[in-house]
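Encoded as structure tokens, the structure appears first; notes follow it.
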Amino acid sequence: VQLQASGGGLVQPGESLRLSCAASGSIPGSALMAWYRQAPGKQREFVARIIPGGATNYADSVKGRFSISRDIRKKTVYLQMNSLKPDDTAVYSCYAWTSGTEFWGQGTLVTVSS
């Protein structure tokens, strides 16, 4: 299983970005998938997840601003990030869990700066 994240970049405060994470290999399109992030000098933290069935959870720091969604047929999960703040600057990594095994993708850097 491979997870390929993309969509990061440099944006100004208040702007939006959409991250994508495409899964390939032996993983169902409905697997639990999530986004984590790690800011410089900080520990990795949970951002959002979507479970089989479609329920979603968010970190308090991103509730109301970020939205996670998925395309099951494309095995792709998205993270729509609105009203970005400088504190959202981090490397965002994709995570998947299926059949008792977890997988991590490489990160994509999001920089929010004026």
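The values are calculated or read from the model by the stated rules, or taken from the named source; none is laboratory data. The model shown is predicted, which means the values in this text are computed figures rather than measured ones. Note that we place each Cβ from the backbone using ideal geometry, even for glycine, and neighbour counts take in every protein chain shown. These accessible areas exclude ligands, DNA and RNA; they are computed on the full protein's heavy atoms, side chains included. Shrake-Rupley method; radii C 1.70, N 1.55, O 1.52, S 1.80 Å.
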Q: On the protein heavy atoms, probe 1.4 angstrom, tell me the percent of accessible surface of the chain carried by carbon and sulfur.
A: 46 percent
Q: With a cut-off of 13 Å, note down the residues of region 1-36 whose backbone N falls inside the zone around a label point 7 Å from the Cα of Leu109 toward its beta carbon.
A: 8-11
Q) Considering only DSSP states other than H, G, I, E and B, which trypsin sites (Lys or Arg not before Pro) in region 31-114 qualify as loop sites with at most 13 other Cβ atoms within 10 Å? A) Lys42, Lys63, Arg73, Lys74
Q: Have a look at Thr76, Thr56, Thr101 and tell me which one the Gaussian network model of the chain (Cα, springs below 10 Å) gives the largest fluctuation.
A: Thr101
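State in Å² the accessible area per residue of the chain; use a 1.4 Å probe, count heavy atoms of protein chains only, and round to the nearest integer.
On the way: 6060 Å² over 114 residues.
Roughly 53 Å² per residue, with all protein chains present.
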Q. Tell me, what is the percent relative contact order of region 1-67, built from C-alpha pairs under 8 Å that lie six or more residues apart?
A. 21 percent
